[in-house]
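Peer 1: Got a structure for you, questions after.
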Amino acid sequence: MFSSILTHRFHTELGFEVTHCASLKALNEALGPDGHDFTIAVVDLNLPDSPHGEALDVMIAHGVPAIVFTGYFDVGVRNRIMERCVVDYVLKDNEFALDNLVASVRRAISNRRTRVLVVDDLPSARQVLVDLLTAQQFMVAVAASGVEALEALDRHGDIELVLTDHHMPDMDGYELTRRIRQRYGSDRMRVIGVSSSNDRLLSAAFLKAGASDFVYRPFVPEELQCRIAQNVETLMQIKQLRVAAASDYLTGLYNRRYFYDQAPRLVNDCLRRALPSSVAILDIDHFKRLNDTYGHEIGDQMLKAVADRLQTLFVGSDNLLSRLGGEEFAILFTEMDSQAATDLCDKVRADLSCLKITADDEELSVTVSIGVAEISGYEAFENYLNAADQFLYMAKHKGRNQVYSDARMTQEAAQ
């Protein structure tokens, strides 16, 4: 029952291909003589031909990160599990056991994309933390002092969690935490203080300095693992909220608010470096007629199709793409003058004209009109958008399904 449910959930919820081994013999056959490509293992300690955790030892010997899933547990079992540096253990002792196990696997996979910095001047104490974090699948950076820690933060821009000792020769944990907080808020980086001090006020002082959590040594590994997991999960939830706040609910593109927040920064950066930039507004032609004729469901389908195609066209570029609202999309082209942006928008327009969607057994095409304005000086960002909007109006006035810009207008005037 457990294996069937877990196989289904790992496949549907996490996208894993799952191999089920009901015995140690089946496990050895699955591993084979030529190695394996398993990402993670969920291991029951008691199999028919492996009653004392032999299957776990095999997985560890093959270098496969393991999560133990067991119904039998006592202090002796716990100690044997922890000695093997497993990712986690989950007990079959409540109705949430399967949910907890799936969450543990998901967390282990997610940890592989999270970098943690360990700061401690004692090599032995530092290594204990490194081993614990490595077992949890984190990417780990180390520093032997506060100065080294700050250098590591400059070197690794993806550090999200810092575990720091308090007593260090050049800079104590308080000061390091304060300096980290000068650079990063708690919504970007978490700090956990660790110390073997007997001073019970130390934890409060660390928290007041800006730490997110504190643990006294000697610590119970499971407690520290849980505290780390909770802090990392908090960061993940904050990221998800930011993505939701910045995303258009229908298309998944950046929304108007994000565009108005980020585009001026990108424009100012280009102006500061004396580089050109341009902004474009794209509008789906006759969209209101489409909605009135075929209904809003088809209109939404058209919007999503256009958004998906635009996202494909601009993926990997430095250009900022968003949906302003309704049938309007905006694109900020960095390091691109009006002529280059106009030429690129012409290619976008031609590409979109090949899109087809089906409504009432009828195949519908889409055309777009685009207005492009070059940004050449420091002005209110709305002025740039108004200029692009005026060129969009001119593109529609000239018959739609075309691009019009200040570069085009200059060319026409020269003729």
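The values are calculated or read from the model by the stated rules, or taken from the named source; none is laboratory data. In this text, all values refer to a predicted model and were calculated from it rather than measured experimentally. Cβ sites come from the backbone with ideal geometry, for glycine too, and all protein chains shown count toward neighbours.
Peer 1: Has region 330-349 got any residue that is assigned to a helix (DSSP H, G or I), out of contact with any strand residue (DSSP E or B) (no Cβ under 9 Å at 6 or more places or on another chain), in the same structural domain as PHE287 (by TED's automatic domain parsing) and not β-branched (Val, Ile, Thr)?
Peer 2: Checked region 330-349: at least one residue is assigned to a helix (DSSP H, G or I), out of contact with any strand residue (DSSP E or B) (no Cβ under 9 Å at 6 or more places or on another chain), in the same structural domain as PHE287 (by TED's automatic domain parsing) and not β-branched (Val, Ile, Thr).
Peer 1: Could you say which residue among ALA280, ALA274, ALA244 is in contact with a helix residue (DSSP H, G or I) (Cβ under 6 Å, 6 or more places away or on another chain) and of a type in the set (Gly, Ala, Ser)?
Peer 2: ALA280
Peer 1: Every residue in region 119-154 that is more than 26 Å from the chain's Cα centre (by Cα) and β-branched (Val, Ile, Thr), please.
Peer 2: Selection gives VAL128, VAL147.
Peer 1: Whether any residue in region 263-281 is closer than 30 Å to SER376 by Cα, in a strand (DSSP E or B) and among the β-branched types (Val, Ile, Thr) is what I want to check.
Peer 2: yes
Peer 1: Still on this structure: Scanning for something modelled with pLDDT of 95 or more and farther than 24 Å from LEU163 by Cβ, does region 102-110 turn up at least one residue?
Peer 2: yes
Peer 1: Ok, one more. Scanning region 149-203 for residues that are surrounded by fewer than 17 Cβ atoms within 10 Å (Cβ to Cβ) and small (Gly, Ala, Ser), which turns out farthest from PHE219 (Cα to Cα)?
Peer 2: Top of the filtered list is GLY157.
Peer 1: While we're here: Starting from region 1-24, keep only residues that are surrounded by 13 or more Cβ atoms within 10 Å (Cβ to Cβ), then list their pairs with residues that are of a type in the set (D, E, K, R) and not in a helix (DSSP H, G or I) whose Cβ atoms are within a distance under 6 Å, requiring at least 6 positions of separation or different chains.
Peer 2: SER23/ASP49; LEU24/ASP49
Peer 1: Kindly check whether there is at least one residue in region 76-87 that is at pLDDT below 95, surrounded by fewer than 18 Cβ atoms within 10 Å (Cβ to Cβ), of a type in the set (Lys, Arg) and assigned to a helix (DSSP H, G or I).
Peer 2: Looking for residues that are at pLDDT below 95, surrounded by fewer than 18 Cβ atoms within 10 Å (Cβ to Cβ), of a type in the set (Lys, Arg) and assigned to a helix (DSSP H, G or I), one finds at least one in region 76-87, hence yes.
Peer 1: Is it true that some residue in region 350-370 is closer than 26 Å to LYS288 by Cα, crowded, with 16+ Cβ neighbours inside 10 Å, under 33 Å from the mean Cα position of the chain (by Cα) and not hydrophobic (A, V, I, L, M, F, W, C)?
Peer 2: no
Peer 1: Among the residues of region 190-233 satisfying the criterion of being polar (S, T, N, Q) and in contact with a Lys or Arg (Cβ under 7 Å, 6 or more places away or on another chain), which is farthest from ARG115 (Cα to Cα)?
Peer 2: Once the filter is applied, the top-ranked residue is SER196.
Peer 1: For region 221-228, state whether one or more residues are of a type in the set (A, V, I, L, M), over 30 Å from TYR89 (Cβ atoms) and either under 28 Å from the mean Cα position of the chain (by Cα) or surrounded by 14 or more Cβ atoms within 10 Å (Cβ to Cβ) (or both).
Peer 2: Scanning region 221-228, I find no residue that is of a type in the set (A, V, I, L, M), over 30 Å from TYR89 (Cβ atoms) and either under 28 Å from the mean Cα position of the chain (by Cα) or surrounded by 14 or more Cβ atoms within 10 Å (Cβ to Cβ) (or both), so the answer is no.
Peer 1: Hey, another quick one. Can you confirm whether region 308-328 contains a residue that is in the same structural domain as HIS397 (by TED's automatic domain parsing), assigned to a strand (DSSP E or B) and more than 28 Å from the chain's Cα centre (by Cα)?
Peer 2: Checking region 308-328: not a single residue is in the same structural domain as HIS397 (by TED's automatic domain parsing), assigned to a strand (DSSP E or B) and more than 28 Å from the chain's Cα centre (by Cα).
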